[in-house]
Amino acid sequence: MADIRGILVTGGAGFLGATLVRRLAANGHAIRVLDNLTTGDASYLDGVEVELIEGDIRDAKTLDDALEGIESVVHLAAAGSVVMSVADPATNFDVNVLGTFQVLDAARRAGIERTVLASTGGALIGDAIPPVDERSLPKPISPYGASKLAGEGYAHAFAKAYGLGTITLRFANAYGPWSARKRSAITMFFRAIDAGEPIVIYGDGSASRDYTHVDDICRALELALECDAAGGTVLHVASGVETTVQELADLCRAAAGVPKHPIEYRPKRPGEVERNFASYDLAQQVLGYAPSIGREEGIRRTWQWFQESVFGGR
Ligand SMILES: NC(=O)c1ccc[n+]([C@@H]2O[C@H](COP(=O)([O-])OP(=O)(O)OC[C@H]3O[C@@H](n4cnc5c(N)ncnc54)[C@H](O)[C@@H]3O)[C@@H](O)[C@H]2O)c1
């Protein structure tokens, strides 16, 4: 393993950050987190040796201070919701486009060797026939997808104009521990089951996604920190498996031991793509990435985590 010391993780107190920071700290890296705790939670990092700076990525001075003594950056901080981006596109732009620009510009000033950025597969490509890959034409259908595409544009431009070592990973839909504050399908389905309320599916259940366990996504992030790929590289990190929302509800019901739990169907929401799953072939070639946790096993483990960490105390 390459000797990577001093890693700044923006948004490290969020869902993906909680697993990533644990993984990197366990592997001997010195970790600093910059997070404004809007959707994250400082308690997610309890018990981990990490320096937490509460601050905003849109503030250049905060970033300059946070980058002191740092060699690599993982940029996770974002306004991550498609639905919220449709309701409030200006905030989404501010955090994701301006914020990502500020992170890249600060990394340039600080001479950071490797900057790994979190992007998205489904929302960025839009309604294409899956599987999507790095050759698919991005046509976002939500402000969130557009903001991530803009961030990728700056990451590529900064690699070419300034030699910044950027790598952008386009994640599929992540799930797993520390996702209790998310409004993603698996979290909402488990919460509905726990509350004894119907699972709500927007649309008829035929829409599909690529559900990838957070451990696999964080392994890819770690591989991206260690690899020597050229600046400006973009890679899809996914499971490669298409799962309809109906199948997902069935998997969640099975994991919770309530296969007949009621489902309520509501109208489809704007901004959400119809079908999506991605090929991870290029990530396999460049990083040696391959998913290791199948959906049944991953969803069962996630239900267990919710039982023990979120629902258990009730
Ligand atoms: N979770 C997924 O399924 C998924 C899929 C594709 C891409 N992504 C991307 O991965 C990244 C992490 O996602 P997540 O699911 O962990 O989201 P999250 O909301 O749990 O984490 C984001 C973190 O960023 C912090 N943050 C937000 N705005 C900030 C700001 N202005 N300054 C500093 N910190 C700020 C939040 O407090 C939070 O801790 C995001 O960039 C997201 O767009 C996630």
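Calculate, in nm to one decimal, what Ala87 and Ile53 gain on full extension: separation in residues at 0.36 nm each, minus their alpha carbon distance. Provide the component values of the computation, followed by the final result.
Values: separation 34, 0.36 × 34 = 12.24 nm, distance 2.92 nm.
Once the chain is fully extended between Ala87 and Ile53, it gains 9.3 nm.
So which trypsin sites (Lys or Arg not before Pro) in the stretch 118-207 pass both tests, a DSSP loop state and at most 10 other Cβ atoms within 10 Å of the Cβ? Mind showing how you got there, number by number?
Details: sites: Arg135, Lys148, Lys160, Arg170, Arg181, Lys182, Arg183, Arg191; in loops: Arg135, Arg181, Lys182, Arg183.
Filter output for the stretch 118-207: Arg135.
How high is the FRET efficiency between Leu98 and Asp46 when r is their beta carbon distance and R₀ equals 41 Å, given to the nearest 0.05? Kindly include the intermediate steps, with their values, before the conclusion.
On the way: r = 31 Å, r/R0 = 0.75.
Efficiency, from the Cβ-Cβ distance: 0.85.
Can you give the translational diffusion coefficient of the stretch 236-314 in µm²/s, computed by Stokes-Einstein from the Kirkwood radius over Cα pairs at 20 °C and 1.002 mPa s?
Working: Rh = 15.1 Å.
Once the numbers are plugged in, D ends up at 142 µm²/s.
If the label point is 7 Å along Cα→Cβ of Met188, which residues in the stretch 271-313 have backbone nitrogen under 13 Å from it?
271-273
Given labels modelled 7 Å from the Cα in the Cβ direction, how far is it in nm from Asp204 to Glu242?
With each label point 7 Å from Cα toward Cβ, the separation is 1.6 nm.
Obtain the nm distance between the two label points defined at Lys160 and Lys260 by a simple spin-label model: each point lies 7 Å from its Cα along the Cα-to-C-beta direction.
Result for the modelled spin labels: 6.0 nm.
Can you work out D for the stretch 1-116 in µm² s⁻¹ from Stokes-Einstein, where Rh is the Kirkwood radius over C-alpha pairs, the temperature is 10 °C and the viscosity is 1.306 mPa s? Write down the numbers at each step before the final one.
Working: Rh = 14.2 Å.
D, rounded to a whole number, is 112 µm²/s.
Counting pairs of alpha carbon atoms under 8 Å apart in space and at least six apart in sequence, what relative contact order in percent does the chain give?
On the way: 672 pairs, mean separation 58.1, N = 314.
The value is 18 percent.
Quick one: net charge around Leu282, please, counting Lys, Arg +1 and Asp, Glu -1 for every other residue with C-beta under 13 Å from its C-beta.
It works out to a net charge of -1.
For the stretch 157-314, build the charge dipole from Cβ charges (+1 Lys, Arg; -1 Asp, Glu) around the Cα centre, then report which of Val241, Ala172, Leu225 sits farthest towards its positive end.
Ala172
Going through the stretch 1-78, which trypsin sites (Lys or Arg not before Pro) have at most 15 other Cβ atoms within 10 Å and a DSSP loop state? Before the final figure, lay out the partial values.
On the way: sites: Arg5, Arg22, Arg23, Arg32, Arg58, Lys61; in loops: Arg5, Arg58.
Filter output for the stretch 1-78: Arg5.
Can you tell me the equivalent ellipsoid semi-axes for the chain? Use √(5λ) from the Cα gyration tensor, largest first, whole Å.
31, 22, 18
Across all directions of projection, what mean area in square nanometres is found for the Cα convex hull of the stretch 156-229?
Working: hull surface 28.6 nm².
Quarter of the Cα hull surface area: 7.2 nm².
Using alpha carbons only, how many degrees (0 to 90, rounded to 10) separate the axis of helix 15-26 from the longest principal axis of the chain?
50
Bear in mind these aren't lab numbers, they're just calculated from the coordinates by the rules spelled out. This is a predicted model, so every value here is computed, not measured. Positions of Cβ are backbone-derived with ideal geometry, glycine not excepted, and every protein chain shown enters the neighbour counts.
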